[in-house]
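J.: I have a structure here, written as structure tokens, and I will follow up with some questions on it.
The values are calculated or read from the model by the stated rules, or taken from the named source; none is laboratory data. Nothing here was measured: the structure is a model prediction, and the numbers come from that model. A quick note on method: Cβ atoms are made from the backbone with ideal geometry, for glycine too, and the neighbour counts reach across all protein chains shown.
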Amino acid sequence: MAGYSTAILAVLEHLAIRQAIIAGISMGGYITMQMLRDAPGRFNGLILIDTRERADADQAREDRFKTVARIERDGPQPILDEMLPKMVVNDSRREALRQVMASATAAGMIAAQRAMARRPDSTATLRAVRVPALVIGGDRDPITPPGDARRLAGLIPGAQLTIIDQAAHASNFDQPEAFNRAVTEFLGMRFGSK
């Protein structure tokens, strides 16, 4: 996660963006939590979506390395086929998400699995957050269930929690109107945005 964080912080530096409202979904949430450790002063606000603060348990870590071996042996397509039903429940959104997921390379998927397997626990990191925060989860997310979102929001002082109905792990993609409404309301309440 440190490598991803460093790369994003370098882009912010290059663009002369001193502070931002930073959002991360799924693995992006893990990266966002790493950025909180690396550069907490860069955050003006925080949005965590369909993610969790805990490091992988031993079995989950082992499963990630088995996934790496499968990708190396069979390519990414079998993994993508297994993941798609966990990502969206809205049938009308499934094909569009399949196309997005199909753009992933084997090398990128392998690097992501290895990074996620080695990520640290972020409980203490979230307890130290002192900026406005929104946590979003899908009510039908089998990867990071609503209980994960509730627990994560409970760690961040003053965090707002939104559970989106009829949404799986890609809640932003599955129910874009509800997702956009939650984010827009959070920004309006916390930052005076419309």
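J.: Quick one: would you say Asp174 is touching a strand residue (DSSP E or B) at 6+ places or on another chain (Cβ under 7 Å) and acidic (Asp, Glu)? Step through it out loud before you land on a result.
T.: On the way: touching a strand residue (DSSP E or B) at 6+ places or on another chain (Cβ under 7 Å): yes; acidic (Asp, Glu): yes.
Criteria met by Asp174.
J.: If Ala178 satisfies all but one of (1) in contact (Cβ under 8 Å) with a residue 12 or more places away in the chain; (2) within 25 Å of Met1 (Cβ to Cβ), what's the number of the condition it fails?
T.: Among (1) in contact (Cβ under 8 Å) with a residue 12 or more places away in the chain; (2) within 25 Å of Met1 (Cβ to Cβ), the lone unmet condition for Ala178 is (2).
J.: When only residues in the range 113-128 that are buried (at least 16 other Cβ atoms within 10 Å of the Cβ) and either part of a helix (DSSP H, G or I) or small (Gly, Ala, Ser) (or both) count, which is nearest to the chain's Cα centre (by Cα)? I'd like the intermediate steps shown before the answer.
T.: So the first thing to find is which residues in the range 113-128 are buried (at least 16 other Cβ atoms within 10 Å of the Cβ), and the list is 113, 115-117, 119-120, 122, 125-126.
If we keep only those that are either part of a helix (DSSP H, G or I) or small (Gly, Ala, Ser) (or both) too, we end up with 113, 115-117, 122, 125-126.
On the way: Gln113: 14, Ala115: 13, Met116: 11, Ala117: 15, Ser122: 13, Thr125: 16, Leu126: 14 Å.
My answer is Met116.
J.: A follow-up question, please. For Ile110, all conditions in the list (1) surrounded by fewer than 16 Cβ atoms within 10 Å (Cβ to Cβ); (2) touching a residue at least 12 places away in the same chain (Cβ under 8 Å); (3) touching a helix residue (DSSP H, G or I) at 6+ places or on another chain (Cβ under 7 Å); (4) outside the structural domain of Ile31 (by TED's automatic domain parsing) hold save one; what is the number of the exception?
T.: Here Ile110 meets the rest and fails (1).
J.: Let me ask something additional. Which one of Gln166, Gln99 is surrounded by fewer than 18 Cβ atoms within 10 Å (Cβ to Cβ), out of contact with any Cys (no Cβ under 6 Å at 6 or more places or on another chain), in contact (Cβ under 8 Å) with a residue 40 or more places away in the chain and farther than 24 Å from Asp38 by Cβ? Spell out the reasoning first.
T.: Working: Gln99 fails: in contact (Cβ under 8 Å) with a residue 40 or more places away in the chain.
Sole residue among the options that is surrounded by fewer than 18 Cβ atoms within 10 Å (Cβ to Cβ), out of contact with any Cys (no Cβ under 6 Å at 6 or more places or on another chain), in contact (Cβ under 8 Å) with a residue 40 or more places away in the chain and farther than 24 Å from Asp38 by Cβ: Gln166.
J.: Next question. Considering only the range 139-194, state which residues are closer than 21 Å to Glu82 by Cβ and β-branched (Val, Ile, Thr).
T.: Across the range 139-194, the qualifying residues are Ile143, Thr144.
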